[in-house]
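The values are calculated or read from the model by the stated rules, or taken from the named source; none is laboratory data. On a predicted model such as this, the values are computed, not experimentally measured, just so you know. Glycine gets a Cβ as well: all are built from the backbone with ideal geometry, and neighbour counts include every protein chain shown. All accessible areas refer to the heavy atoms of the entire protein, side chains included, with ligands and DNA or RNA removed. Shrake-Rupley method; radii C 1.70, N 1.55, O 1.52, S 1.80 Å.
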Amino acid sequence: MSHYELLLTHIGTILHLQYLIPLVAGTAIGVIGGALPGVTITMTVIMVLPFTFGLDPLQGLAAMTGVYVGGSAGGSITASLLGIPGTPSAVATTFDGFPMARKGEPGRAVWVGVWSALLGGVLGGICLIELTGPFASIALVFGPWEFFSLFVFALSMVAGLVGKSVTKGLLSGAIGLVVTVVGPDPILGVQRLTMGLNFLEGGLPFLPVLIGVFAFAQLMPDVEQIRPTGQDHASVAPKRMSLQVSMLGTLWEVLSRPFLLVWSTLVGVLIGVLPAIGGSAANIMAYDQAKKFSRRPEKFGTGIPEGIIASESSNNANVAGSLMMIMAFGIPGDAVTAVMMGALTIHGIQPGPLFITQHPGVAYGIYAAYIVALPLMVLVIWLGARFWLRIIMMPKAILIPIVLVLCVIGAYALSNTMNDVYVLALFCVIGYAMVKGRIPLAPLILGVVLGDQIESNLIRALATDPDPWLFFTRPISGGLIAASVISVIFAMWQHSREAKRAAAGPEEEEDTDF
Amino acid sequence: MTRLLTLAGIMLLGAMGGNAFAASYPDRAIKMIVPWAAGGDTDVIYRALAPLLQKHLGQAVVVANVKGASGTVGEREAASAKPDGYTIFAPHDYIHSVYYAGLTDIKYDKAFDPVCLVSATPSVITAGAKTPWKSFKELVEFAKANPGKVKAGASLGSTSQYSLALAAKAAGIKFTYVPYDGTAPRMNALLGGHIDIADSNLTQKGKVDAGLLRFLAIMTEKRNPEMPDVPTLKELGYDVEYAVNRGLMVPKGTPADVKTKLGDACQKATQEPEFAKAMKLQGTEVRYMNAEQYTAFLAKDDKITKDLTKDLGMLKRE
Amino acid sequence: MTLGRDGIAGLICLAISIWLLVLTRGLPPALMVPIGPAVYPRVVIGIMALLSAIMIVNDLLTSRAAAPAAPAASRAEPGARPNYLLVLATFVAFGVYVLLLPYLGFRIATFLFVAVLQVILDRPRSWQRWLLVVAVAFGTTLACHVIFEDYLSVLLPRGDWSGV
């Protein structure tokens, strides 16, 4: 019971101005960032990152949690009003949200989305609070062998699940691991592969790498579309739309479908727990499920609330799932949590099995921030209703330079050296090249996050006991290794099946983000 | 608009002017380079010092964590900074071993001028609750009977290994070292029973009182009043002491009057009761030395480290 | 037999991995731990090389079969050819910004970068727009400086030439 007392105490803490201001600011920025087409939640959280350096850990995390929650909901505004997903996690919202808005009910589309996000978030939050502790206690018995195998499993699963080719997914993961090899080795600091370049001597720290890979990979496709005439974002400017609608009516629309809501939430949490897949998969998966279970599947895509509910509740619940994973295992569920994990380590807090027991203040602070962020998100969207359309239309020519400057500050302030900025610039090029080579970015990021840990745990295990078979004979470790092999084989089987099906009807979909 | 531009002009001029007439040091923020990650032992200690230095210098002292490569990235950054007193370096004893083990080309006395010693954190040899040893003597007996069987967690090539190596050398035993960087991961590994012993400090007292860990011996001259039951290695008959010492340095070539000002501020800061209180929480003693004493102290430390590096088979240069 | 996009990507990755493998020569042997600093890098670079090779082979096997279908895959919207010139210009502007940052200092470099990149991306055609460009650049620089240095105590790069 002290569990909930702790939670209540920390909700009280979060409500202090010192934490509430970053949280409100984060939520508002998240909604805006999520709503801006072409700016993803990842991008937004990267932009917020430098601001958190000067704050205390909980203030920084409150801001980031706000961005995460606000962003997931903000994406749905653009998705419904313009038919363009503001972020990849709102793709499925366009399927029914946009038709509904075009039928003259934009307010209904937005608010069904917002209420679903809120309720999905609340249900996800319950899972977060209840399950993180038990998860962490499982992780406590892990020795170096188990951690090694767990990280390998996480990597192999992500590599298999994202993108259209298992080879490319695995290659991306391997590149991520190679990235962590550059610079000092984790044991004695022997310089490796630095080619005598001074700026590589600190290695390739993962935040500059992540910022670099995402900044250009996500911004450049927009630049590509800018026409010399200056008419970028030539999207038909929507006529004046009124978002007036009965709030209670839309809330009831969501609440009257409890089974759909709970099921979509569970899908979201589950996908969030799986490493590095994130919201972009959750909303589509939940939409798909909702359609399968529906009594009127043929109506999906014509502007019915079920589609919006499935998509929005799942992608907000997905946030909870991802948070659970960094807090219990130290494995980020997607790029946003990878950045949050980076922010934690900057403050000297290592997320992992002992995180909750060692830093209960921060852990419960995150729970509390998550819970408080949900109603704030509704409030922000409600108050800002009349501005959203104008903000969505902000010119790219102004947005892009500012985003890039914040990226540079983020990389520099990390350890106060230009080295990290050079690393950032290097990975801007690599990230864009990978997008052009249609190689998914998610496994790379996970590889970079886990690379050092994989090597350290491998060496620790061998230094403790030179017998390499222990990786297979220790039951948890052996099981995880087996699961990695199975997941890759399964992904290969699934992809070959899809390839056969795709040969019949081509359906191309670009996925550059998680 | 014009007003904004004027403001910008003033801002620019002000900043430039500040640089040109640096007679009244310090007239802007001072950067303190801590070569380790935020939140680590070293960082916490210097972060307690920074505001007190600030109080006596009259300018902001901003901690910059320049981490990476066993602290050598920050060392390089500090060594190449302008010797104007606006960059100060906040290292600990690792600066000796990284040079001898060949991780960096920077010899501390060629690159830096010591300013003051600030604190010393005595090492405590700590065992996990799952091990059978109740005392250091039992550990030595076991290690003698089973050479190489005792798994010691340490940051290889850094202070947490040197303390154990020093004790092992005195007792005539050998440990097998397993790489665990940082006190927190080492303590987790001790709790999980993945390693047997590790170097720690008095910050782990809580876990010892709870019976999760065991302090076998402390490497100080006298017993610590906080933990009167823990014997020193000296009284057990091994004439060794070890503590992690932290001080301040500036890049070589910093003007003498700047060094004096820093030294004075450092002395006053370390005398603050607030600092003593913060250090106690870190299992650390305040140990102030002026530039001269600190220089001599570093030279002695350097010699010990060199010999130990040789014993460990890691010596790369003389 | 032509090489598709995957094949080229694979070749680049393969070349990089072979080059990195060469670089792992000369690393010191294991000290105090059972495997030395060269072992793990060789394993992961080896995996990368193997996967690149598989990608090239896959591409060679499929590109022949799918060659006629290639135009359909590029799915170019009418008149929406990617503006690569602009992408290149953005990269160059960013590169120059990063290189000049330690010399000009954050304030001057950022003002110039934000102004120049705005002009590159969308050339202003009236004096009001030029004013907007300058205002945005100035505002960004000032806001960053005030928020980070003054409020959050996050030090930003100082210029070696300019002293600010």
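Residues that are within 15 Å of A:I32 (Cβ to Cβ) and of a type outside the set (D, E, K, R), at least 3 per element: which helices (runs of 4 or more DSSP H) completely within region A:354-419 meet that?
So the answer is A:360-383, A:388-392, A:396-415.
All but one of (1) within 11 Å of another protein chain (Cβ to nearest Cβ); (2) under 15 Å from the mean Cα position of the chain (by Cα); (3) under 30 Å from B:D257 (Cβ atoms) hold for B:S80; which doesn't?
Against the list (1) within 11 Å of another protein chain (Cβ to nearest Cβ); (2) under 15 Å from the mean Cα position of the chain (by Cα); (3) under 30 Å from B:D257 (Cβ atoms), B:S80 comes up short only on (2).
Would you confirm whether any residue within region B:67-86 is touching a Leu at 6+ places or on another chain (Cβ under 6 Å) and either assigned by TED's automatic domain parsing to the domain that holds B:Y288 or open to solvent by less than 40 Å² (accessible area, probe 1.4 Å) (or both)?
yes
Does A:L458 meet the test of being at the interface with another protein chain (Cβ under 7 Å from one of its Cβ atoms) and either assigned to a loop (DSSP other than H, G, I, E, B) or out of contact with any Pro (no Cβ under 6 Å at 6 or more places or on another chain) (or both)? If you could, list the steps in order and put the result at the bottom.
Values: at the interface with another protein chain (Cβ under 7 Å from one of its Cβ atoms): yes; either assigned to a loop (DSSP other than H, G, I, E, B) or out of contact with any Pro (no Cβ under 6 Å at 6 or more places or on another chain) (or both): yes.
Considered against the rule, which asks whether it is at the interface with another protein chain (Cβ under 7 Å from one of its Cβ atoms) and either assigned to a loop (DSSP other than H, G, I, E, B) or out of contact with any Pro (no Cβ under 6 Å at 6 or more places or on another chain) (or both), A:L458 comes out as yes.
Consider B:G74 against the criteria (1) without any contact (Cβ under 8 Å) to a residue 40 or more places away in the chain; (2) facing chain A (nearest Cβ under 10 Å); (3) closer than 29 Å to A:P351 by Cα: it satisfies all of them except one. Which criterion is unmet?
It fails just one condition, (1).
For C:Y97, work out the one condition from (1) facing chain A (nearest Cβ under 9 Å); (2) in a helix (DSSP H, G or I); (3) modelled with pLDDT under 95 it doesn't fulfil.
With respect to (1) facing chain A (nearest Cβ under 9 Å); (2) in a helix (DSSP H, G or I); (3) modelled with pLDDT under 95, C:Y97 is out only on (3).
Any residue in region C:44-62 that's at the interface with chain A (Cβ under 9 Å from one of its Cβ atoms): show its pairings with residues that are buried (at least 20 other Cβ atoms within 10 Å of the Cβ) and of a type in the set (D, E, K, R) at Cβ separation under 6 Å, as long as the two are six or more apart or on different chains.
Within 6 Å, the pairs are C:M55/C:D6.
Being more than 14 Å from chain C (Cβ to nearest Cβ), at pLDDT below 85 and in contact with a helix residue (DSSP H, G or I) (Cβ under 8 Å, 6 or more places away or on another chain): is that true of A:T78 here? Give the steps one after another, and end with the answer.
Numbers: more than 14 Å from chain C (Cβ to nearest Cβ): yes; at pLDDT below 85: yes; in contact with a helix residue (DSSP H, G or I) (Cβ under 8 Å, 6 or more places away or on another chain): yes.
Yes, satisfied.
List the residue pairs whose Cβ atoms are under 7 Å apart, where the first residue sits in region B:163-190 and is over 18 Å from B:W133 (Cα atoms) and outside any loop (DSSP other than H, G, I, E, B), the second is charged (D, E, K, R) and modelled with pLDDT of 90 or more, and the two are 6 or more positions apart or on different chains.
Once the first residue is over 18 Å from B:W133 (Cα atoms) and outside any loop (DSSP other than H, G, I, E, B) and sits in region B:163-190, its partners that are charged (D, E, K, R) and modelled with pLDDT of 90 or more give B:S163/B:D199; B:V178/A:R460; B:V178/B:K151; B:P179/A:R460.
Looking only at region B:141-156, which residues are assigned to a helix (DSSP H, G or I) and either farther than 14 Å from B:K174 by Cβ or open to solvent by 10 Å² or more (accessible area, probe 1.4 Å) (or both)?
Of all residues in region B:141-156, those assigned to a helix (DSSP H, G or I) come to B:141-145.
Those that are assigned to a helix (DSSP H, G or I) and either farther than 14 Å from B:K174 by Cβ or open to solvent by 10 Å² or more (accessible area, probe 1.4 Å) (or both): B:E141, B:F142, B:K144, B:A145.
Going by what's in this entry, would A:I430 be described as outside any helix (DSSP H, G or I) and aliphatic (A, V, I, L, M)?
On the way: outside any helix (DSSP H, G or I): no; aliphatic (A, V, I, L, M): yes.
It is false that A:I430 is outside any helix (DSSP H, G or I) and aliphatic (A, V, I, L, M).
Let's see how each residue does on (1) among the polar types (S, T, N, Q); (2) open to solvent by 10 Å² or more (accessible area, probe 1.4 Å); (3) within 12 Å of chain C (Cβ to nearest Cβ):
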position	(1), (2), (3)
A:I391	no, yes, no
A:I400	no, no, yes
A:I409	no, no, yes
A:V423	no, no, yes
A:V429	no, yes, yes
A:D452	no, yes, yes
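What residue, among those in region B:38-63 that are in a strand (DSSP E or B) and over 23 Å from B:G283 (Cα atoms), is nearest to the other protein chains (Cβ to nearest Cβ)? Reasoning before the result, please.
Narrowing region B:38-63 to residues in a strand (DSSP E or B): B:61-63.
Next, from what is left, pick out any that are over 23 Å from B:G283 (Cα atoms): B:61-62.
Values: B:V61: 10, B:V62: 5 Å.
Taking the candidates together, the pick is B:V62.
Given the criteria surrounded by fewer than 24 Cβ atoms within 10 Å (Cβ to Cβ) and over 26 Å from A:F490 (Cα atoms), does A:G189 qualify? Lay out the reasoning, then the answer.
Values: surrounded by fewer than 24 Cβ atoms within 10 Å (Cβ to Cβ): no; over 26 Å from A:F490 (Cα atoms): yes.
For A:G189, the condition - surrounded by fewer than 24 Cβ atoms within 10 Å (Cβ to Cβ) and over 26 Å from A:F490 (Cα atoms) - is not met.
Scanning region B:270-292 for residues that are among the hydrophobic types (A, V, I, L, M, F, W, C) and under 28 Å from B:G206 (Cβ atoms), which turns out surrounded by the fewest Cβ atoms within 10 Å (Cβ to Cβ)? Write out each step before concluding.
To start, the set of residues in region B:270-292 that are among the hydrophobic types (A, V, I, L, M, F, W, C) comprises B:275-276, B:278-279, B:281, B:286, B:289, B:291.
Restricting the remaining residues to those that are under 28 Å from B:G206 (Cβ atoms) gives B:275-276, B:278-279, B:281, B:286.
Values: B:F275: 22, B:A276: 14, B:A278: 20, B:M279: 22, B:L281: 12, B:V286: 19.
Among those that are among the hydrophobic types (A, V, I, L, M, F, W, C) and under 28 Å from B:G206 (Cβ atoms), it is B:L281.
Taking the condition of being of a type in the set (G, A, S), assigned to a loop (DSSP other than H, G, I, E, B) and more than 7 Å from every other protein chain (Cβ to nearest Cβ), how many residues in region C:124-164 meet it? Talk me through it step by step, then tell me what you get.
If we filter region C:124-164 for residues that are of a type in the set (G, A, S), which is where we start, we get C:126, C:135, C:137, C:139, C:143, C:153, C:159, C:162-163.
From what is left, the residues that are assigned to a loop (DSSP other than H, G, I, E, B) are C:126, C:153, C:159, C:162-163.
After this cut, where a residue has to be more than 7 Å from every other protein chain (Cβ to nearest Cβ) as well, the list is C:126, C:159, C:162.
Residues meeting the conditions: 3.
Could you look through region B:177-209, keep only residues that are within 12 Å of another protein chain (Cβ to nearest Cβ) and more than 23 Å from the chain's Cα centre (by Cα), and pick out the one that is surrounded by the most Cβ atoms within 10 Å (Cβ to Cβ)?
B:I195
Kindly establish whether C:G36 is part of a loop (DSSP other than H, G, I, E, B) and either outside the structural domain of C:T62 (by TED's automatic domain parsing) or of a type outside the set (S, T, Y) (or both). Break it down into steps so the answer makes sense when it comes.
Values: part of a loop (DSSP other than H, G, I, E, B): yes; either outside the structural domain of C:T62 (by TED's automatic domain parsing) or of a type outside the set (S, T, Y) (or both): yes.
Here the answer is yes, as C:G36 does meet what is asked.
Can you tell me which residue is nearest to B:R287 (Cα to Cα) among those in region B:210-237 that are among the hydrophobic types (A, V, I, L, M, F, W, C) and crowded, with 19+ Cβ neighbours inside 10 Å? Step through it out loud before you land on a result.
Pass one, region B:210-237, residues among the hydrophobic types (A, V, I, L, M, F, W, C): B:210, B:212-213, B:215-219, B:227, B:230, B:233, B:236.
With crowded, with 19+ Cβ neighbours inside 10 Å added as a condition, the list becomes B:213, B:215-219, B:230, B:233.
Values: B:L213: 28, B:F215: 23, B:L216: 24, B:A217: 21, B:I218: 17, B:M219: 16, B:V230: 22, B:L233: 21 Å.
Per the criteria, the residue is B:M219.
B:A256 is checked against (1) farther than 30 Å from B:P185 by Cα; (2) touching a residue at least 24 places away in the same chain (Cβ under 8 Å) and fails just one. What number does that condition carry?
(2)
Of the numbered conditions (1) at pLDDT below 75; (2) surrounded by 13 or more Cβ atoms within 10 Å (Cβ to Cβ); (3) touching a Pro at 6+ places or on another chain (Cβ under 9 Å), C:S63 fails exactly one; give the number of that condition.
Going through the list (1) at pLDDT below 75; (2) surrounded by 13 or more Cβ atoms within 10 Å (Cβ to Cβ); (3) touching a Pro at 6+ places or on another chain (Cβ under 9 Å), C:S63 breaks only (3).
When region A:267-318 is examined, which residues are found to be free of Cβ contacts under 8 Å to residues at least 60 places away in the same chain, over 23 Å from A:K103 (Cβ atoms) and of a type in the set (A, V, I, L, M, F, W, C)?
A:V267, A:L270, A:I271, A:M285, A:F293
Being hydrophobic (A, V, I, L, M, F, W, C), facing chain A (nearest Cβ under 7 Å) and part of a helix (DSSP H, G or I) is the filter here, so list the residues in region C:3-31 that pass it.
If we filter region C:3-31 for residues that are hydrophobic (A, V, I, L, M, F, W, C), which is where we start, we get C:3, C:8-9, C:11-16, C:18-23, C:27, C:30-31.
Right, trim to facing chain A (nearest Cβ under 7 Å) and you get C:9, C:13, C:20, C:23, C:27, C:31.
Answer for region C:3-31, where residues must be hydrophobic (A, V, I, L, M, F, W, C), facing chain A (nearest Cβ under 7 Å) and part of a helix (DSSP H, G or I): C:A9, C:C13, C:L20, C:L23.
Taking the condition of being at the interface with chain B (Cβ under 9 Å from one of its Cβ atoms) and touching a helix residue (DSSP H, G or I) at 6+ places or on another chain (Cβ under 6 Å), how many residues in region A:188-204 meet it?
Filtering region A:188-204 down to residues at the interface with chain B (Cβ under 9 Å from one of its Cβ atoms) leaves A:188-191, A:198, A:201-203.
So of that shortlist, the ones also touching a helix residue (DSSP H, G or I) at 6+ places or on another chain (Cβ under 6 Å) come out as A:189, A:201-202.
Residues that pass the stated criteria total 3.
Identify all residues within region B:308-318 that are away from every other protein chain (no Cβ under 13 Å) and exposed (fewer than 13 other Cβ atoms within 10 Å of the Cβ); write none if there are none. Give the steps one after another, and end with the answer.
So in region B:308-318, the residues away from every other protein chain (no Cβ under 13 Å) come out as B:308, B:310, B:317-318.
If the condition is that a residue be away from every other protein chain (no Cβ under 13 Å) and exposed (fewer than 13 other Cβ atoms within 10 Å of the Cβ), then B:K310, B:R317, B:E318 are the ones that fit.
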